[in-house]
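Notes for the one structure printed next.
The values are calculated or read from the model by the stated rules, or taken from the named source; none is laboratory data. Note that the structure is predicted; figures quoted are calculated from it, not measured. Neighbour counts run over all protein chains shown; Cβ positions are idealised from the backbone, glycine included. With ligands, DNA and RNA removed, areas are computed over all heavy atoms of the protein, side chains included. Shrake-Rupley method; radii C 1.70, N 1.55, O 1.52, S 1.80 Å.
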Amino acid sequence: MQYLHTMVRVSDLEASLHFYCELLGLEEISRKESEKGRFTLVFLAAPDDRQRAREERTAMLELTYNWDPEEYTGGRNFGHLAYRVEDIYALCERLQANGVTINRPPRDGHMAFVRSPDGISIELLQQGDDLPPREPWTSMENTGNW
């Protein structure tokens, strides 16, 4: 058995690409548009998984955008996506500066949670050893659900 990808339905493809690519740092690997099926599929990968994603079509996030409007609810029942990051504080600072709520701040220098524009919970985990606790994160309260 081999992990291939996780599919997330998105209601605004451009907002989702901005979040996942420009803010989180994922890269677009491929895109498929189906006129007949009225959908667009965009496959993304973390920079360290780029080669594997291209060669083996694995370790990817599939954004599915249905052209006909639908309302998606209950993003929390999906669970979450998890990404290992080089500097959890720097990423959380960049996300917050761009209007993303840090639902569970990285108080411990190890883990944080944010949500995508469609309410998908994203877990961020510090690569290697935990970073030393640092303000403003140490005293920041949780916001909403994560």
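Approximating the spin labels as points 7 Å out from Cα along Cα→Cβ, the residue 82-to-residue 54 distance works out to 2.8 nm.
What is the sum of charges around residue 87, taking Lys and Arg as +1, Asp and Glu as -1, for the other residues whose C-beta is under 13 Å from the C-beta of residue 87? Net of charged neighbours comes to -1. Surface composition of the chain: carbon plus sulfur atoms hold 46% of the accessible area, using a 1.4 angstrom probe and ignoring ligands, DNA and RNA. Solvent exposure of the chain, expressed per residue, is 57 Å² of accessible area, with all protein chains present and a 1.4 angstrom probe. Using the average count of surrounding beta-carbon atoms within 10 Å as a protection proxy, the listed peptides 126-139, 105-118 rank, highest first, as 105-118, 126-139. Of all DSSP beta bridges in segment 1-64, what percent run antiparallel (nearest 5)? Just about 70 percent of them are antiparallel. Normalised by the number of residues in the chain, the mean separation of alpha-carbon contacts (under 8 Å, six or more apart) gives a relative contact order of 22 percent. Cα centroid separation, segment 93-117 to segment 1-57: 21 Å. Just to be sure I understand, if you calculate Cα Rg over 2.2 N^0.38 Å for this structure, which of (i) 0.96; (ii) 1.20; (iii) 1.08 do you get? Looking at Cα Rg over 2.2 N^0.38 Å for this model, the match is (iii). Take every DSSP beta bridge whose two residues both sit in segment 1-120; close to 70 percent of them are antiparallel.
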